[in-house]
Amino acid sequence: RVPEDRILVETDCPYLAPVPHRGRRNEPSFVQETARKLAMLRGVSAEEIEVQTTRNFRQLFGLV
């Protein structure tokens, strides 16, 4: 339900790492797993999520 121009992907929760890293401390490099899962749930490619979330980040922080 969330519009694509409102989605960001982050790793703020230190003790809730995404699968397949569950049980380990979360790290910024694991954000790729979160993006892949988001892509699967939305029925788009991981690359589309990467482009959209990067665009959203830049828009949010005035880097456009």
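The values are calculated or read from the model by the stated rules, or taken from the named source; none is laboratory data. Here the structure is a predicted model, which means the values were calculated and not measured. In this analysis, Cβ positions are derived from the backbone assuming ideal geometry, glycine residues included, and neighbour counts consider all displayed protein chains. To get the accessible areas, we keep the full protein, side chains included, count just its heavy atoms, and leave off ligands, DNA and RNA. Shrake-Rupley method; radii C 1.70, N 1.55, O 1.52, S 1.80 Å.
Give me the residue from the stretch 1-35 that is under 22 Å from E48 (Cα atoms) and of a type in the set (G, A, S) and, out of that set, least open to solvent (accessible area, probe 1.4 Å).
A35
Enumerate the pairs (first residue in the stretch 12-39 and basic (K, R); second residue anywhere and surrounded by 10 or more Cβ atoms within 10 Å (Cβ to Cβ)) with beta-carbon separation below 6 Å, excluding pairs fewer than 6 apart on the same chain, so at least 6 apart or on different chains.
R24/A17; R36/A46
Taking the stretch 49-61 on its own, how many of its residues are open to solvent by 100 Å² or more (accessible area, probe 1.4 Å) and either basic (K, R) or over 10 Å from the mean Cα position of the chain (by Cα) (or both)?
Of the stretch 49-61, the ones open to solvent by 100 Å² or more (accessible area, probe 1.4 Å) are 50, 55, 58-61.
Checking the rest, the ones that are also either basic (K, R) or over 10 Å from the mean Cα position of the chain (by Cα) (or both) come to 55, 58-61.
The number of residues fulfilling the criteria is 5.
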